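The values are calculated or read from the model by the stated rules, or taken from the named source; none is laboratory data. It should be emphasised that the depicted structure is a prediction, and the values quoted were computed from it without experimental measurement. Cβ coordinates were reconstructed from backbone atoms using ideal geometry, including for glycine residues, and neighbour counts include every protein chain displayed. Keep in mind that these areas ignore ligands, DNA and RNA; they rest on the heavy atoms of the full protein, side chains included. Shrake-Rupley method; radii C 1.70, N 1.55, O 1.52, S 1.80 Å.
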Amino acid sequence: QARADRIQTRSFSPADQSILDRHRQLDRDLRRALERNQLRLNFQPQVDLKSRRIIGTEALMRWDHPELGPVSPAEFIPLAEETGLIVELGRWILNEACEQAAAWPSPVTVAVNVSPIQFQHVDLASAVSRALRSSGLPASRLELEITESSRVTDPGRVHAVMWQLRNLGVRLAIDDFGTGYSSLSYFRDLPFDLVKIDQSFVRNRTSAEDHRLLAAIIELSTKMDKHTIAEGVEDEPTARLLTEMGCTYGQGYYFSRPISGEDFTNLLSQPPRQ
Ligand code: C2E
Ligand code: CA
Ligand code: CA
Ligand code: CA
């Protein structure tokens, strides 16, 4: 009886159909949005935890759908990865981020999320080098955030491309650190500069274990000569704790939500507080 129930719930339902329809619509409209320049980047400041100065920013994709309203990148990026549109989308993000950053009033870094699919299906190093050349942004001001993915079928290629990127002079960060399966072997196998600690370790710390785990990630990274940035910093006690633990940078709603390019430019033009 119970088994029959489970089979029942697994069969194709009207709800599945509506998810499928939404995905089909999003896929079609995302192509159109890309062609018509309806996508935007928002920027979330990254601060040095000791001085509290802005040292960089993460570029985050925004899509305001004409009928459906704002669609989260958490929904449309995985879709674009499935359909392959991420390749074109990724190129757009890279060019747009470099162009905007080149015009900012101070030489902060801009971090761009790179999908593992881009490692597999495009000559990423050439795309990056073209974006730098046409924008005039120095390579040292571009950071690429890379996540582990089960979709990567050729880890050897990821390794080779990371070396090419590093030789260009861009900075490399491991995004969502600690959530994957092979985080520790990264230290041995991959060339990168920065560990980006996943917000699940930073927000809602409830137990002494959570606290020690966060401290251990920072300590390990520091011992391996990597800078650390914590994401999801939502209050002052967390910022203070991270500073005491030796974390280098912070990012999160406490410092700022992701904001428009215009607002970020204005923020950079303001004199530092105090
Ligand atoms: P992510 O790279 O881990 O980005 C961090 C997400 O956490 C962002 O959500 C950001 O708005 C949110 N966040 C930042 N600070 C806080 C905080 O203090 N508290 C909480 N609760 N959340 C915070 P967002 O912008 O919705 O992006 C979601 C995901 O979509 C990103 O996760 C990234 O995986 C993907 N994504 C976004 N833009 C791009 C892009 O241009 N390219 C690629 N490949 N992926 C992107
Ligand atoms: Ca990221
Ligand atoms: Ca992240
Ligand atoms: Ca994430």
Qualifying position, being in contact with a Ser or Thr (Cβ under 6 Å, 6 or more places away or on another chain) and of a type in the set (S, T, Y), among S200, S221, S256, S185
S221
Return the pairs, sorted by first residue and then second, in which the second residue is open to solvent by 70 Å² or more (accessible area, probe 1.4 Å) and within 15 Å of ligand 3 (Cβ to nearest atom), the first residue lies in the range 191-220 and is more than 18 Å from R240 (Cβ to Cβ), the beta carbons are less than 7 Å apart, and the residues are 6+ apart or on different chains.
D198/T179; S200/T179
Given (1) within 15 Å of ligand 1 (Cβ to nearest atom); (2) surrounded by fewer than 19 Cβ atoms within 10 Å (Cβ to Cβ), number of the condition R28 does not satisfy:
(1)
List the pairs whose first member sits in the range 100-124 and is free of Cβ contacts under 8 Å to residues at least 60 places away in the same chain, whose second member is among the charged types (D, E, K, R) and surrounded by fewer than 18 Cβ atoms within 10 Å (Cβ to Cβ), and whose Cβ atoms are under 6 Å apart, counting only residues at least 6 apart or on separate chains?
P116/R151
I'm trying to understand the selection: among the residues of the range 189-202, which are crowded, with 17+ Cβ neighbours inside 10 Å and under 17 Å from the mean Cα position of the chain (by Cα)?
F192, L194, V195, K196, I197, D198, Q199, F201, V202
The lone condition G261 fails out of (1) surrounded by 17 or more Cβ atoms within 10 Å (Cβ to Cβ); (2) at pLDDT below 95 is (2)
For the range 63-85, name all the residues that are within 16 Å of ligand 4 (Cβ to nearest atom) and not hydroxyl-bearing (S, T, Y).
P73, A74, E75, F76, I77, P78, L79, A80, E81
